[in-house]
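The values are calculated or read from the model by the stated rules, or taken from the named source; none is laboratory data. Remember, it's a predicted structure, so these values are computed and weren't measured experimentally. Cβ atoms come from the backbone with ideal geometry, glycine included; neighbour counts cover every protein chain shown.
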Amino acid sequence: MTAARRLALGAAALGCIALAVTLALWALDVSRWNDAFVSGDVRFRVAPEDERLWRPAELVPLDAARRLLAVQDDVDFREAVRALRQAELEDPVISDPEVAIRRNEAQARLEAIVVRDSDDSRRSRAAGLLGVLGLARFVYETQEREALLSATIANLTQAIALDPSNDEAKYNLELAYQRGRGLELTEASAGSNAAPGGQGSKGAGAGQPGSGY
C-alpha cells in the first residue's frame with residue numbers, strides 16, 4: 001500500500017470518527033432541549049425571572065440542535081408569556097417606570113408572535129394575551145380609551161378566528177364588550193400568574209406550565 005493510499009484511508013477514518021462524535025453530540029443536544037422545556041416550565045412557577053429558562057447549553061456550535069428541532073417559536077412564546085407575567089398586570093397603578101417598560105416588551109413580543117408564528121393555535125393564544133393586556137391597560141389608562149378598547153376587541157376577535165376553541169378569548173371578548181358598555185365588573189380582567197404552555201384561566205391568560213404545547 002502506497003503512502004498516499006494510507007494517508008487517504010487515515011483521513012477517511014478520522015472523518016468518520018469526527019462525524020460520529022458530531023452526531024453523538026447532536027443527539028445529546030436534542031435531549032437537552034427536550035429536558036430544558038420540561039424543567040424550564042417547572043422552574044418558571046417559582047423563578048420566572050431566571051434568564052436560563054429554556055436555554056440549554058448546546059455542544060454543537062451554530063445552534064444546530066435548535067435549528068433541527070425548530071423550537072425557536074416555542075421559546076419565543078414562553079418568553080413572551082414570561083414578559084407578560086413580569087408586567088404586573090394586577091397592579092392598576094404604574095408607579096415604577098420599569099413596569100411600563102416590561103408591559104411594552106410583553107406587547108411587542110406577543111405582537112411578533114401573532115405576525116410571524118406559523119402555528120395558528122399559538123398565534124391565537126398570543127392574540128388572546130394581547131387582549132388580556134389591553135383589558136388591564138383599560139383599567140388604569142385615562143386617554144384614548146376608545147382606541148385601546150377597539151384594539152383589544154380586534155385582538156380577541158383575531159384570537160377566536162385563529163382558533164375557534166379558544167374559550168378564554170371568547171370570555172375576554174365579552175368582558176371587553178361589557179367594559180365598552182361602561183359596566184362595573186368585579187371579575188379581574190387579567191391575572192399575574194401567566195404560565196408558558198398553559199391555556200390559562202379565564203380573564204388571566206394563566207395556566208399550568210408544560211401543558212398545551
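Restricting to segment 124-162, count the residues that are in contact (Cβ under 8 Å) with a residue 40 or more places away in the chain and under 14 Å from the mean Cα position of the chain (by Cα).
Count: 6.
Assess whether ARG102 counts as being out of contact with any Lys or Arg (no Cβ under 7 Å at 6 or more places or on another chain), within 24 Å of PRO56 (Cα to Cα) and of a type in the set (Lys, Arg).
Spelling it out, it is not the case that ARG102 is out of contact with any Lys or Arg (no Cβ under 7 Å at 6 or more places or on another chain), within 24 Å of PRO56 (Cα to Cα) and of a type in the set (Lys, Arg).
Could you check segment 87-118 and list, in sequence order, the residues that are in a loop (DSSP other than H, G, I, E, B) and more than 13 Å from the chain's Cα centre (by Cα)?
Initial filter on segment 87-118 (in a loop (DSSP other than H, G, I, E, B)): 87-96, 117-118.
Within segment 87-118, ALA87, GLU88, LEU89, GLU90, ASP91, PRO92, VAL93, ILE94, SER95, ASP96, SER118 qualify.
Could you tell me whether segment 58-80 includes any residue that is under 24 Å from ASP120 (Cα atoms), modelled with pLDDT of 85 or more, surrounded by 11 or more Cβ atoms within 10 Å (Cβ to Cβ) and of a type in the set (Lys, Arg)?
yes
Quick one: is ARG109 within 27 Å of ASN34 (Cβ to Cβ) and basic (Lys, Arg)?
It is true that ARG109 is within 27 Å of ASN34 (Cβ to Cβ) and basic (Lys, Arg).
Provide a single number: the residues in segment 1-51 that are aromatic (Phe, Trp, Tyr) and at pLDDT 85 or above.
The qualifying residues number 2.
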